[in-house]
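Participant: Sharing a structure, written as structure tokens. Questions coming.
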Amino acid sequence: MFDPFIAPSGTLLGLLQRGRGDGTLHALAAPRPEALAALNHCVVSDPRHDWQVENRSLYYARLYLDLDGGIEEIERHLGDPDDHTDTEDSRTGLALSVLGHLASYGRDDALALLRRYAATGANWAWALDELALRDDDAGLRSLALPVLGRFPATEEGTAELAAAARDSFEPRPWRLWADDPREAVGARVRAATEQGSFDRWQRQMRPGGPRPGWSVQAVFDWAQQALERGSELHVPAARCLSAVAGPEDRPQIIEAARDGSEGARCAALHYLTEAADPAVLDLIESAALSPSRTVADAAVAAFERMCGDAAVERARRWARRPDALGACAAGILACRGTAQDAPQVLGALREAVRGDGPDAPRLWTLVDGTGRLGIACAAPVLRHVYRETSSSHLRGRAARALAATDPSFATGFAVECLWDCEETTREVAALHAETGDIRVAERLRRLAADPAEEAEVQTAVRSRIGPDAPALRPRDPR
């Protein structure tokens, strides 16, 4: 994880970094050199806070096509000497994914660059996965020797090759290479894939952790030993307790939840939560005040997993607490509360934005809750979160909440959401955007015809432009 610099939301760069639909619309209206400079900056300096879950690649690839942009800056970035010193996926993953989408749109220069990088670049496995989805058999076969040449014919190199073949996301290149008649290719890949399968089988035959016949105390000891090694296995330990504990063990488990070691206390809290034990809420309240951060966090996590009426009632009492348990309680009301809880959810939403800004982690459930409860007066806060957050996932949640609370959404943010980087946000927009806007009608038709668009988005689009849908007519300028 890393913390990229995000430009202000009112700038072209800030809009593109956030993946907002307005970023594309502003880029198309801006001078082309300025738009391409901002786009290249985003692609070679990944702006995502969580690059593993947020989408940008298709968004940026489409803008390259709309601007008829070249890929020279991407090529320079991939060919930089840093490529062999900073080998983290986050440095080159976005650029490679953008090239993959460009290749799927028929950009031969992107396909050629992916092939060169797969042969020589540090993040070759990512490039190979992109090619596995887009390249022809001949192109993939041509990469066999360059890729296999990365692994020397030593015991260590053979083990690394087996791991690479086993862990690849896309098996197509390896299957092609396994059929290669050359001894240095086909035989070597077949041996590597067989070794990878054997390694996986060995791991499955040697599971770690508790086994049948262990006692409750043995599970507690295992959880504590894992914690001392730096691993938090509270939830797996709770599942083990479910397998070995009986009614006669309840006093021991409650005592562990109250005064046990850190590992035992955390495991016991999670177990009692899963068992819906009537004593667990008081134990959680006590553990949340523990000087041990591990125990306090486990108490909050255990409470967050509860879903009964008793948890909702207790959340109503705790929602005004100024600590993590109070924030969790507000989140539970947002997820499972009723109309009577709307004031507390709204208050928590405002406090989160005011205290922690538009990227606060607790905003996710609170934003969802305002939409679920239909809190109309939350719309101004939701609009602020939508504009300012750097998380495209949180912006999508804000869009869904606005669709349920803000009457102006269909003619406002829903229009720009049709160009958003997240497919779930585009889906919301396709369902709600006012089709009287000529931009909406044109964009819906383009999404319907784009083979790279997600199926869920196209289903939503067809519900608006299909044979049974109202006709798409431009709004009367009068």
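Participant: So which trypsin sites (Lys or Arg not before Pro) in the stretch 214-275 end up in coil per DSSP with only 13 or fewer other C-beta atoms within 10 Å?
Facilitator: The qualifying sites are Arg229.
Participant: Roughly speaking, to the nearest percent, how much of the chain's 1.4 Å accessible area is carbon and sulfur?
Facilitator: It is 52 percent, rounded to a whole number.
Participant: Dipole of the stretch 303-446, Cα-centred, from +1 at each Lys and Arg C-beta and -1 at each Asp and Glu C-beta, to the nearest 20 debye?
Facilitator: 260 debye
Participant: Would you kindly find the accessible area of Ser45, with a 1.4 Å probe and non-protein molecules such as ligands, DNA and RNA excluded, rounding to the nearest 10 Å²?
Facilitator: 50 Å²
Participant: Rounded, prolate or oblate: which one fits the stretch 32-119, using the alpha carbon gyration tensor with axes a ≥ b ≥ c (rounded when a/c is under 1.5, else prolate when a/b beats b/c, else oblate)?
Facilitator: Rounded.
Participant: In the stretch 269-367, if the dipole is taken from +1 on Lys/Arg beta carbons and -1 on Asp/Glu beta carbons about the Cα centre, which of Thr338, Ser290, Gly355 is farthest to the positive end?
Facilitator: Towards the positive end, the residue furthest out is Gly355.
Participant: When every alpha-carbon pair in the stretch 101-197 is counted, what percent end up more than 17 Å apart?
Facilitator: 46 percent
Participant: Looking at the stretch 1-55, I'd like the Rg to Rh ratio, where Rg is from alpha-carbon atoms and Rh is Kirkwood's inverse mean 1/r.
Facilitator: 0.96
Participant: Given only helices, namely DSSP H runs of n ≥ 4 each adding -39500 (n - 2.57), what is the per-residue ellipticity at 222 nm of the chain, to the nearest 500 deg cm²/dmol?
Facilitator: Estimated from H runs of four or more residues: -19500 deg cm²/dmol.
Participant: Counting only heavy atoms of the protein chains, get the accessible area per residue of the stretch 26-168 (1.4 Å probe) and round it to a whole Å² value.
Facilitator: It amounts to 43 Å² per residue over the stretch 26-168.
Participant: With +1 assigned to the C-beta of every Lys and Arg and -1 to the C-beta of every Asp and Glu, and no other charges, what is the dipole magnitude of the chain about the Cα centre in debye, to the nearest 20?
Facilitator: Computed about the Cα centre, the dipole is about 1160 debye.
The values are calculated or read from the model by the stated rules, or taken from the named source; none is laboratory data. Everything quoted here is computed from the prediction, not taken from an experiment. Ideal geometry is used to build each Cβ from the backbone, glycine not excepted, and the neighbour counts take in all protein chains shown. All accessible areas refer to the heavy atoms of the entire protein, side chains included, with ligands and DNA or RNA removed. Shrake-Rupley method; radii C 1.70, N 1.55, O 1.52, S 1.80 Å.
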